[in-house]
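Below is one structure; the comments refer to it alone.
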Amino acid sequence: MNTVPAAPDSTRRQRWLWGSITVLMVAAGYVTVLSVNDRFFYMDDTESGAIPNWIYLGRILRTGTMPSLTPEQWMAGNYPVEGQGGLWNPVQIAINMIAPSVDNMVLFATATKFAFAAIMALGVYRVCLEYGARPAWAAVAGVAVPFTGFSLFYDQASWVTALTSTAWVLQAWASAVRYSRGRSGPLPTFVFLYLALSVGYLHPALCAGILVACLAIGEYLYQGKWQPSLRLLVVGACAGAAGAITFLPGALSGDVTWRTDEGNVYNDNFLTAPWSETFTASMPSALPAIQAWQGEVQPWPVTYIAWFLIPALAFVDWQAVGKTLRSLSGTLIFLGVMLIAAAGPSSLGPLRWPGRVLPFVAFAALIVVCVLLSRHGTLRSLRTRCVVGAVLVAVMVLRAGSSTPLLFGTHLLWGLVILAAGAVVLFVASRFGIAAVAGLLMVSTLPVVHFQVSENPYESQWLLPAKQSEAKAAFPDWAGNNLQLGTRDLEPRENLTLDATWSTLTWGNYAKLLDLSYVNAYTSIGFEEFGDRLCMEYDGSTCYDSVFDAFATEPTTGRTYVDLMLIDRVILQRAQYPDADSNPAPPGWKWTQYPENPHVADFAYVLERIDGPISHRNGRVANAEGVTARSVAETDATSSVNVSSPDGGRVVFARLDWPGYSATLNGEPVGTYAVDGIFVAVDVPAGTVDGTLNLTWTPPGRSIGLAGIGLGLLGLAVLEVHFLRSRRAGPATRDPAAVAA
């Protein structure tokens, strides 16, 4: 077997020391970011979607109930189909359980993200050690990881589920290399892969599968035998089988969601990252020409990896790297695949926005370069190497200037800074050794990230309140089922405060934080028919015509949609309906004033039912035609109704017709169908007297998913037994690089 010489300074004490330094430096980086913007880690999808969702799911979990379906949230209430609630992820469950008890959501978001940033950094640190890097160089790679551009400005600022899933993938990466080289059993690899998959974020989950395949190929090329690669593939398959339960409900419900047309493959260049942008990976000021929501050029340095990454290539002894490169075969293959994936197409079925794999490009590049520097860094032929390094810096400056020519002066200045910093690093390396160089490189992360966050500010589009208690105290206690009609974009930024917009209106998952029942909530998957009917968007915004649609009559029942939804209160955004109360209220409704809440009249008009709330009168029975229907018992996933029907009829429920509903009448199966493509309905046959109609929702694929968990655990047990027997049979042939791990 090809081997990489062991790193000479890798004792257990040193590995723990440099691992601890890695975490401390990540903490210092977080403090640096917070010194510029104390809400940086509580932005956009984090504040509008994830944190309120954690709080809501935590409340449910504290009752001893597994979250499944909340019908009153309509499009956003199907948590197994949404997939990103971590319903099968033990770490996320623990986070959800804690969330309701933490009043300061900015603090909670920041602390949680720091924990996963540290896990992510230690993951890359471990990977580098497994490939034989000195702990000091492994720490350099680990510290750089959380502050790579896309990870910092997208995943950590906003897309927290991408962060959490990616952190587990990196830990799985290290454990997979360790397992394939006989240094540990399959359990750690299985656990970390399962944690990555059960977060429910598709891109890191897919990257985890690609990573396992690439490592299997790479280990075969490196070790020259197929058994380690096969074992790695099997443990990956076992983890995939166990984690499938997270994705099956969404995959099997796709026909009714907004994702129904995502079988298409096309390229509109949205969030695609051309390969040429990799030439700016070491330019802190580079704003790449990657089209996204902000325009043709990114407002943040999302392709940035580390200022030393590209220039350092000049100081590798390339004539001696053969065995090390073979050792890195799996990571190099993965890097190539990620570069291809990042370049598009922009839509590949359910996979959108390929730029989301840029963190994995950054991580793989850091691993390769830091391992090479650790094992083959050299100062021989220094003058020639300095010239090559300077040329590489010049190329970076020119490439950065081609994307943002107006910033060419800034790019040139940063090029000079990189040259100067490089000279300092070379001097320190020649006089003080590797530990000093590693410390200098890690510390240099701080001024770079300070510059990037200061000069390229990330401004939240939401500015939601920071504290649960203050949000609840400012908002009206609107019990019952609420429907808000309005568009978030109509609220000017100066109104996004607790004594203005957020005292009356709610978008995203803000209502979940308030512990109020609203139709409006954040959803990444939607329900196509319902969304089209009410003109409702992902964040709960609605268009001007939504008020007419909501009070329109559904033709087959003769009831309005707000009646069929069992809505008690309709809140109309004043900015969208400036003169709403000058019109007569719809039949059965009245305009209501709230003098005790002074901001309500400034931002909304409120319609309430004249005869009082209807949401709890008869369970979730919305309409009964030719049937006497009396609710007997209700849960979020079940309705039990006593029915009688001399001539036959039907019961319509205030439930979206999600796949997974089934019904029985007196224990015998009966069919369900959708009224207007939206509402679950059941026909009751003639002659039914005091029958018991039970309607039940089960996540599609639940049985298959549970079987997958069982199969995955069984496969893991077989692999673990094989590993333990192999260890008892005799000492394993170990790669000497294990000394560095």
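All told, SER151 falls short of being surrounded by 24 or more Cβ atoms within 10 Å (Cβ to Cβ), within 16 Å of TRP88 (Cα to Cα), under 13 Å from the mean Cα position of the chain (by Cα) and not charged (D, E, K, R).
Evaluating GLN298 against the criteria (1) of a type outside the set (A, V, I, L, M); (2) touching a residue at least 12 places away in the same chain (Cβ under 8 Å); (3) touching a Ser or Thr at 6+ places or on another chain (Cβ under 9 Å) leaves one unmet condition, (2). Is it fair to say TYR42 is part of a loop (DSSP other than H, G, I, E, B), at pLDDT 95 or above, buried (at least 18 other Cβ atoms within 10 Å of the Cβ) and touching a helix residue (DSSP H, G or I) at 6+ places or on another chain (Cβ under 7 Å)? Yes.
Considered as a group, the residues in region 119-148 that are within 25 Å of GLY240 (Cα to Cα) and of a type in the set (Gly, Ala, Ser) include one that is surrounded by the fewest Cβ atoms within 10 Å (Cβ to Cβ), and that residue is GLY123. Applying the set (1) surrounded by fewer than 19 Cβ atoms within 10 Å (Cβ to Cβ); (2) touching a helix residue (DSSP H, G or I) at 6+ places or on another chain (Cβ under 7 Å) to ALA601 leaves exactly one unmet item: (2). Going by the structure shown, is ALA273 more than 26 Å from VAL391 (Cα to Cα) and modelled with pLDDT under 95? Here the answer is no, as ALA273 does not meet what is asked.
Among the numbered conditions (1) in contact with a Lys or Arg (Cβ under 8 Å, 6 or more places away or on another chain); (2) within 30 Å of VAL31 (Cβ to Cβ); (3) not small (Gly, Ala, Ser), the only one that THR161 does not meet is (1).
LEU426 satisfies every condition listed in (1) more than 30 Å from HIS599 (Cα to Cα); (2) hydrophobic (A, V, I, L, M, F, W, C); (3) outside the structural domain of GLY132 (by TED's automatic domain parsing); (4) crowded, with 18+ Cβ neighbours inside 10 Å except (4). Within region 686-702, being loosely packed, with under 15 Cβ neighbours inside 10 Å, in contact with a strand residue (DSSP E or B) (Cβ under 7 Å, 6 or more places away or on another chain) and not β-branched (Val, Ile, Thr) holds for ALA686, ASP690. One residue stands out in region 538-573 among those that are in contact (Cβ under 8 Å) with a residue 12 or more places away in the chain, in a loop (DSSP other than H, G, I, E, B) and charged (D, E, K, R): the one that is nearest to ASN520 (Cα to Cα), namely ASP539.
The residues listed here are LEU483, LEU498; of these, the one that is more than 26 Å from the chain's Cα centre (by Cα) and part of a strand (DSSP E or B) is LEU483. Find all pairs meeting these conditions: Cβ atoms under 6 angstrom apart; at least six residues apart or on different chains; first residue within region 153-165 and under 13 Å from ILE119 (Cα atoms); second residue polar (S, T, N, Q) and at pLDDT 95 or above. Matching pairs, first to second residue: LEU163/GLN156. For GLY687, are the conditions met, namely being among the small types (Gly, Ala, Ser), without any contact (Cβ under 8 Å) to a residue 40 or more places away in the chain and not assigned by TED's automatic domain parsing to the domain that holds GLY185? For GLY687, the condition - among the small types (Gly, Ala, Ser), without any contact (Cβ under 8 Å) to a residue 40 or more places away in the chain and not assigned by TED's automatic domain parsing to the domain that holds GLY185 - is not met.
Looking across region 436-470 at every residue that is assigned to a loop (DSSP other than H, G, I, E, B) and of a type in the set (Phe, Trp, Tyr), the one that is farthest from LEU17 (Cα to Cα) is identified as TRP462.
Do we have ARG178 as at pLDDT below 95 and more than 21 Å from ALA342 (Cβ to Cβ) here? Answer is no for this residue.
When each of LEU366, LEU372 is tested for being in a helix (DSSP H, G or I), in contact with a strand residue (DSSP E or B) (Cβ under 9 Å, 6 or more places away or on another chain) and surrounded by 18 or more Cβ atoms within 10 Å (Cβ to Cβ), the lone residue that passes is LEU372. Quick one: in region 258-311, which of the residues that are charged (D, E, K, R) and assigned to a helix (DSSP H, G or I) is surrounded by the most Cβ atoms within 10 Å (Cβ to Cβ)? Looking at residues that are charged (D, E, K, R) and assigned to a helix (DSSP H, G or I), I get GLU277. Please determine, by comparing only the residues of region 314-343 that are β-branched (Val, Ile, Thr) and surrounded by 22 or more Cβ atoms within 10 Å (Cβ to Cβ), which one is farthest from the chain's Cα centre (by Cα). In this case the residue turns out to be THR324. Exactly one residue out of THR692, THR696 is in a strand (DSSP E or B) and within 32 Å of the chain's Cα centre (by Cα): that is THR696. When GLY619, GLY588 are screened for being buried (at least 19 other Cβ atoms within 10 Å of the Cβ), without any contact (Cβ under 8 Å) to a residue 24 or more places away in the chain and not basic (Lys, Arg), only GLY619 passes. Total residues in region 232-243 satisfying the condition of being surrounded by fewer than 21 Cβ atoms within 10 Å (Cβ to Cβ) and either of a type in the set (Ser, Thr, Tyr) or touching a residue at least 60 places away in the same chain (Cβ under 8 Å) (or both): the figure is 3.
Residues are listed down the side, and each one gets a yes or a no for (1) outside the structural domain of ALA205 (by TED's automatic domain parsing); (2) touching a residue at least 60 places away in the same chain (Cβ under 8 Å); (3) within 21 Å of the chain's Cα centre (by Cα):
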{"position": "ALA27", "(1), (2), (3)": "no, yes, no"}
{"position": "MET43", "(1), (2), (3)": "yes, yes, yes"}
{"position": "SER68", "(1), (2), (3)": "yes, yes, yes"}
{"position": "PRO71", "(1), (2), (3)": "yes, yes, no"}
{"position": "ASN78", "(1), (2), (3)": "yes, yes, yes"}
{"position": "GLY83", "(1), (2), (3)": "yes, yes, yes"}
{"position": "GLY86", "(1), (2), (3)": "yes, yes, yes"}
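Of GLY715, GLY677, GLY705, all but one fail to be of a type outside the set (Phe, Trp, Tyr), surrounded by 15 or more Cβ atoms within 10 Å (Cβ to Cβ), on the phi > 0 side of the Ramachandran plot and not in a strand (DSSP E or B); the exception is GLY677.
Suppose the filter is buried (at least 19 other Cβ atoms within 10 Å of the Cβ) and modelled with pLDDT under 95; does GLY526 pass it? In short, yes.
The values are calculated or read from the model by the stated rules, or taken from the named source; none is laboratory data. Everything quoted here is computed from the prediction, not taken from an experiment. Every residue, glycine as well, gets a Cβ built from its backbone with ideal geometry; the counts of neighbours run over all protein chains shown.
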